[in-house]
1. Give me a count of the residues in the range 280-336 that are assigned to a helix (DSSP H, G or I), at pLDDT below 95 and crowded, with 22+ Cβ neighbours inside 10 Å.
2. What residue, among those in the range 406-433 that are touching a His at 6+ places or on another chain (Cβ under 6 Å) and not hydrophobic (A, V, I, L, M, F, W, C), is surrounded by the fewest Cβ atoms within 10 Å (Cβ to Cβ)?
3. I'm trying to understand the selection: among the residues of the range 536-594, which are crowded, with 16+ Cβ neighbours inside 10 Å, part of a loop (DSSP other than H, G, I, E, B) and at pLDDT below 95?
4. Looking only at the range 81-94, decide whether some residue is among the β-branched types (Val, Ile, Thr), surrounded by fewer than 16 Cβ atoms within 10 Å (Cβ to Cβ) and either touching a Cys at 6+ places or on another chain (Cβ under 9 Å) or at pLDDT 85 or above (or both).
5. Of all residues in the range 422-465 being assigned to a loop (DSSP other than H, G, I, E, B) and among the aliphatic types (A, V, I, L, M), which is nearest to residue 596 (Cα to Cα)?
6. Considering only residues that are within 12 Å of residue 113 (Cβ to Cβ), in contact with a helix residue (DSSP H, G or I) (Cβ under 8 Å, 6 or more places away or on another chain) and not basic (Lys, Arg), which ones fall in the range 546-562?
7. Does residue 451 satisfy the condition of being of a type in the set (Gly, Ala, Ser), outside the structural domain of residue 39 (by TED's automatic domain parsing) and in contact (Cβ under 8 Å) with a residue 24 or more places away in the chain?
8. Output the qualifying pairs, or none if there are none: Cβ atoms under 8 angstrom, residues six or more apart or on different chains, first residue in the range 225-245 and farther than 19 Å from residue 197 by Cα, second residue among the β-branched types (Val, Ile, Thr) and outside any helix (DSSP H, G or I).
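The values are calculated or read from the model by the stated rules, or taken from the named source; none is laboratory data. Treat the numbers as computed from the prediction; the structure is a model and nothing was measured. Here Cβ is always computed from backbone atoms with ideal geometry, including for glycine, and neighbour counts include all displayed protein chains.
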Amino acid sequence: MHTIDFEPVGLRGECPEGESLLGCARRLDVDLVSLCGGMGACRQCRVQVVAGPVSGRTASEEAVFSGRERNHRLACQAYPLGDVKVHVPPESLTAPQRTQVEGLELDVRPDPPVRGCEVTLSPPSLAAPDSDDLNLRAALERGHGVEVDAIDYAVLREISPRLRQWDWRASAAVRAGEVVALGAPSTRWLGLAVDIGTTKIACYLVDLQTGRTLCSRGLMNPQIAGGEDVIARIYTAGKDPENADRLQGMLVEALNRTVGELSAEAGAERTDIAEAVVVGNTAIHHLFLRLPVGQLGQSPYVPALRCALDVKARDLGMELAPGAWVHLLPNIAGFCGADHVAMILATRLAEREGTSLALDIGTNTEICLNVRGRMTSVSCASGPAFEGAHIRYGMRAAPGAIEHVCLDGDRLEIQTIGNEPPIGICGSGLLDVAAQLRIHGVLDSGGRMLAHPRVREREGVREFVICERGGREPITVSQQDVRELQLAKAAIRLGIRALCEAEGLDERAVGEVVVAGAFGTFIDIDSAVAIGMLPPLPRERYRQVGNAAGTGARLALVSLERRREAERIALACRYIELAGIPGFHHRFAAACAMDRG
Ligand code: FES
């Protein structure tokens, strides 16, 4: 056993032989970012070893740190060999983070699947010894004209003491003829909407009666420990059923923890949550339900389930009202899931006349083209570069992240989140840097970095200095970082082109582009156009709408009509497999060009 000190967080604990610094940090609740789950790929778990012996640097670390950064390590690659003191820089900590819960206002008349009914029962007597279940059914029919077919088993288990405790008055949550929860009189029944992204999760607590969102939370998807993208997670889960259980368990644990926090914030109990809607991409959806995922990783990539599904929350391990249901919106295809349906629902894309495009940019980017009501979708593996992964000084969108830059000659203006001193660069900042470098001729059309007063060479690799940080290595964007960005943006642009071609349409004919998702909300559209990530359309045709998938989940939570509309969307939407388009590799390479195109 070795003793490890994490500073300045002030946490200390024992680390057994063979455990990495990251493993030890996790056990001690030091919230180190680890987007790749400890595979040495994301470069996010950077720490400095202040004192004590640790294992030698690995090849992946050599590629990250310069010779001068001798005590800098990736926590997942460093194994203590004695007592060690570690400094954790703020950019390596997960919190706080700019959340991705903002979205469109709910424009819907609430028509929730769960109805709260106040009831007054007649206390049983020797003359009328009605059982508690029949007594409740009669009260619901008498007071609300509600015919009950079933009372959930978990509700039955507590019905007798509860009715007596509340003096024969109660609030019953009734869903399609089933009593799913019983609460004290005047209980405000709540709903939970969850958008599970590959990297981030957005949770909303909603008043089912009014449709009002009471509070929300954004959190990291803990399944990242099983791989940073869905392919890695499909592989991890497919290798061993225990892995799949573990991935599901860690997700549900995080959701339950968040439900507790949200309930406390709303002054409610988790048992007041009588319904939930969950959306995510198909792999995430399957992992959450513990459905098989192996076939998602093999051509022709078919889902086990496309249709919408209702599951008892308790069967998934979710701690809500005893009989609450979780509704999962339908999927479209193996790589186009319920979150995409939710985005189309929220943006009302299907109802638009003319030609419109909606895209939700993330680790996986789904795009839908609507041509007068005919919808076609595509999914692009844009990777985690926009989350700051694989980028030398990349970080998530948290305070201190450089989010926007503007180059004027050799002067560079930077803007950080929260106006904090710069500690790294997030996706929107990276996009701006690339655009500014391209506009000012520091990058050529192939993405090659050319000479400039701010360009220097470090260990054979060119890099552009963003800002000096007295005494520490400056924050830079390297040639390698630009390459990572090119791959991400090429996937998106090729997806847009493939959709337009499938409709025999010129990109310039697209009348409106809706950009959704947390990253999409904060990017500078002009920068995205300048490097050819988005087509060169007039600026007024673009609209940034925040987390539309989360909004879609909330709509389906409070409106049965919107839930039905989601099913119509999933059935109507055609899907094309990007990797299957003719000349994919050649066209992908062409889409890497840093031109407006
Ligand atoms: S967790 Fe260490 S590099 Fe990703």
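1. Number satisfying all stated conditions: 1.
2. Applying the filter and picking the extreme gives 415.
3. 545, 546, 547, 577, 581
4. No: zero hits.
5. The residue in question is 442.
6. Of everything in the range 546-562, just one residue is within 12 Å of residue 113 (Cβ to Cβ), in contact with a helix residue (DSSP H, G or I) (Cβ under 8 Å, 6 or more places away or on another chain) and not basic (Lys, Arg), namely 556.
7. no
8. Going by the 8 Å Cβ cut-off, the qualifying pairs are 238/293.
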